[in-house]
Amino acid sequence: MAKKYAIVKELDEAVNLKDGTTVLQFETRLQGGLECGGAYLKYLSPQDAGWKPKEFDNESPYSIMFGPDKCGATNKVHFILKHKNPKSGEYIEHHLKYPPSVPSDKLTHVYTAILKPDNEVSILIDGEEKKKASFLSAEDFEPPLIPSKTIPDPDDKKPEDWDERAKIPDPDAVKPEDWDEDAPMEIEDEEAVKPEGWLDDEPDEIDDPEATKPEDWDDEEDGEWEAPKIENPKCEIAPGCGEWKRPMKRNPAYKGKWSPPLIDNPSYKGIWKPQEIPNPSYFELEKPDFDPIAAIGIEIWTMQDGILFDNILIAKNDKVAESYRETTWKPKFEVEKEKQKAEDEAADSARLAGFQRKVFDVLYKVADTPFLSKYKHQILDLIEHAETQPNLTIGVLVSIVVIILTIFFKLIFGGKKQV
């Protein structure tokens, strides 16, 4: 069942994102994986932007949203910047294009976003750079932070006589006199000849001669009993049965419905587009006008539990974030990875043990067959030896197969002599 969670922590002092480098980093562990839900953080704007900690929800204004989100076709590490348009005063969400995917395991991973003074942002997962982008590039953010200089004129309308058809039917074309629109697509092949041996009087199916009426069949309740049908054995050796009909072939006179050929449209003007006008919302920007970070909030919708957050860090030096990764995240990750490896190996061993148990059960049944009665004790000794040393299972299978083949060939080529 889907649930929504929200918790917020105010910072002692707001963090200014406009000066120098800023590093946002946190660890998260998806103990049950992430099938549908989020595991991201919201870096909230100061309270004078219109929110209160006790009222923190989806509408609370934020500067940056960063972290994993996955559901259906969505599988990405979000990086969303809320930026104020200096012309309109409107806050707009700008999404990083082509963000990296969320790791698919259940281990702890560390997510890092480095905001640099040269307008560049780098996204790292476990210390490895997965994405680099420029805040001012239209290729990296959607919509771009800097609007286009021109926009289509909303008041421009397509003229009524504007012709967008590149081709038109030839108005001078005339249907040929010999064009028969009613001619069928297929006709009988008059040259076809009935194959020799064709059984005209034999049906494709006949009553099953071996079928008998069930003893408990009641004609009054079940109706008149009819034998089930089988394929007529006489038809299997004959070219065919039943009434022979000439096969159909394509009609050479078929032309279908006539339509005039297409010619270049002399009135064609191309696909109409409104003319471009100066964008009233356009502005130039040397650096993003980031709002400060006054609090950190976890506000997620998810259909799973077991999402853990740890070591949430805001730093002005990427070396500090790197140090945290090496001293806090990496040792934890290595321990989890080894534990996961051991659990996977144990699960594989359990599956193998289950498979071997089934094999041994089959071998015991094989040993009880009358065909192998003289060799039963020999086979049972092999099976019991293999049960004490499961790694010998394949060898035991081979040995038993050899015994069976030996007996088989002995009976074929050696009469009833003993092996």
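If I go through region 86-111 residue by residue, how many of them are open to solvent by less than 20 Å² (accessible area, probe 1.4 Å) and either touching a helix residue (DSSP H, G or I) at 6+ places or on another chain (Cβ under 6 Å) or assigned to a loop (DSSP other than H, G, I, E, B) (or both)?
Residues meeting the conditions: 5.
Quick check, is L124 under 24 Å from S323 (Cα atoms) and touching a residue at least 24 places away in the same chain (Cβ under 8 Å)?
No.
Only one of A321, A347, A294 is free of Cβ contacts under 8 Å to residues at least 40 places away in the same chain and of a type in the set (A, V, I, L, M). Can you tell me which?
Going through A321, A347, A294 in turn, just one is free of Cβ contacts under 8 Å to residues at least 40 places away in the same chain and of a type in the set (A, V, I, L, M): A347.
Would you say T302 is surrounded by 14 or more Cβ atoms within 10 Å (Cβ to Cβ) and outside the structural domain of N119 (by the TED database)? Give the steps one after another, and end with the answer.
Values: surrounded by 14 or more Cβ atoms within 10 Å (Cβ to Cβ): yes; outside the structural domain of N119 (by the TED database): no.
Considered against the rule, which asks whether it is surrounded by 14 or more Cβ atoms within 10 Å (Cβ to Cβ) and outside the structural domain of N119 (by the TED database), T302 comes out as no.
Given the conditions (1) outside any loop (DSSP other than H, G, I, E, B); (2) in contact with a His (Cβ under 8 Å, 6 or more places away or on another chain), report the number of the one that I123 does not fulfil.
(2)
Take the residues in region 73-85 that are farther than 20 Å from N58 by Cβ and not small (G, A, S), then tell me which one is least open to solvent (accessible area, probe 1.4 Å).
Filtering first and then ranking leaves N85.
Do we find that I312 is in the same structural domain as N119 (by the TED database) and either touching a residue at least 24 places away in the same chain (Cβ under 8 Å) or of a type outside the set (K, R) (or both) in this structure?
Against the criterion (in the same structural domain as N119 (by the TED database) and either touching a residue at least 24 places away in the same chain (Cβ under 8 Å) or of a type outside the set (K, R) (or both)), I312 qualifies.
Just name the residue that is farthest from E191 (Cα to Cα) out of those in region 235-269 that are open to solvent by 100 Å² or more (accessible area, probe 1.4 Å) and not in a loop (DSSP other than H, G, I, E, B).
D264
With the condition kept exactly as written, say whether any residue in region 270-292 is touching a His at 6+ places or on another chain (Cβ under 9 Å), open to solvent by 60 Å² or more (accessible area, probe 1.4 Å) and on the phi < 0 side of the Ramachandran plot.
Yes, region 270-292 contains a residue that is touching a His at 6+ places or on another chain (Cβ under 9 Å), open to solvent by 60 Å² or more (accessible area, probe 1.4 Å) and on the phi < 0 side of the Ramachandran plot.
Return the residues of region 112-121 that are open to solvent by 20 Å² or more (accessible area, probe 1.4 Å) and over 12 Å from S134 (Cβ atoms); say none if nothing qualifies.
P117
Taking E334 as meeting all but one of (1) among the acidic types (D, E); (2) open to solvent by 90 Å² or more (accessible area, probe 1.4 Å); (3) farther than 30 Å from A14 by Cβ, write down the number of the exception.
Unmet condition: (2).
Residue-wise test of (1) out of contact with any strand residue (DSSP E or B) (no Cβ under 7 Å at 6 or more places or on another chain); (2) modelled with pLDDT under 90; (3) under 30 Å from P274 (Cα atoms).
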| site | (1), (2), (3) |
| --- | --- |
| D155 | yes, no, yes |
| P159 | yes, no, yes |
| E164 | yes, no, yes |
| P176 | yes, no, no |
| I187 | no, no, no |
| A192 | yes, no, no |
| P203 | no, no, no |
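Check P239, P247 and return the single one that is touching a residue at least 40 places away in the same chain (Cβ under 8 Å), in contact with a Gly (Cβ under 9 Å, 6 or more places away or on another chain) and over 30 Å from P159 (Cα atoms).
After applying the criteria, what remains is P239.
Report, by residue number, each residue of region 47-63 that is within 24 Å of P144 (Cα to Cα) and touching an Asp or Glu at 6+ places or on another chain (Cβ under 9 Å).
Correct list: A49, N58, S60, P61, Y62, S63.
Return yes or no: is I298 closer than 30 Å to I114 by Cα and modelled with pLDDT of 95 or more?
No; evaluated as a whole, the condition is false for this residue.
Those residues that are modelled with pLDDT of 80 or more and among the aromatic types (F, W, Y), I need them from region 18-58; list them, please.
F26, Y40, Y43, F56, listed by residue number.
Return the residue satisfying two criteria in turn: it lies in region 58-72 and is of a type in the set (A, V, I, L, M, F, W, C) and within 27 Å of the chain's Cα centre (by Cα), and of such residues it is most open to solvent (accessible area, probe 1.4 Å).
Only one residue tops the list, namely C71.
The values are calculated or read from the model by the stated rules, or taken from the named source; none is laboratory data. Owing to the predicted nature of the structure, the values given are computational and were not obtained by experimental measurement. Heads up, the Cβs are rebuilt from the backbone with ideal geometry, glycines too, and the neighbour counts pull from every protein chain shown. Note: areas computed on protein heavy atoms with side chains; ligands, DNA, RNA excluded. Shrake-Rupley method; radii C 1.70, N 1.55, O 1.52, S 1.80 Å.
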